[in-house]
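Read through the structure below, which is laid out as structure tokens, and then see the notes.
Every number here is computed from the coordinates shown, using simple stated rules; none is lab data. These numbers come from a predicted model, not from an experiment. Counting neighbours? That spans all protein chains shown, and the Cβs are built from the backbone with ideal geometry, glycine included.
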């Protein structure tokens, strides 16, 4: 198992989060206090021979760049690093306890109203219009055909304008060197 440390970088190249991981952790998971960069080009990884070395490197990087929460630097990390439980499996009893607490919380109407209130601005037609979205609008027949064709060939679905789907469709074909006689975009 390969362990690594990773840095998430701002657009200007300065780091804002340091972590330790393995597999796809640096590329798939957001932290509670930091969102992963949209571009994988802004993620730097350094592999280590074992987990202990990766933890030590994480602590050194956090100490070097400093944490914003305690006024020592620019990182959004909330700890000095070096801790965590890789591959930790919760017991069935712990999972059931967490599940019961979650069901109890979501069955509370006050809690639901509080959550809905936090997100109410995102549900209004005014907000959707400001974001350029048409809530509940229908796709044109051309857009539906593009989506069906692209999905059937394994490409990305088209956006509302159809442009993103067309580009993804073309990339899919260029990458594989094939065309479809039934596809309107390939003709």
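Below are the figures for this structure:
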| item | result |
| --- | --- |
| Overall Cα dimensions of the stretch 6-121 - principal axes, largest extent first, Å | 46, 38, 28 |
| Viscosity 0.890 mPa s, 25 °C: Kirkwood-radius Stokes-Einstein D of the stretch 11-72 over Cα pairs, µm²/s | 192 µm²/s |
| Ordering of 72-79, 26-33 by packing [mean C-beta count within 10 Å, highest first] | 72-79, 26-33 |
| Likely footprinting exposure, 47, 58, 11, fewest C-beta neighbours within 10 Å first | 11, 47, 58 |
| Mean separation of Cα contacts under 8 Å (6+ apart) over length of the stretch 3-65, as relative contact order % | 42 percent |
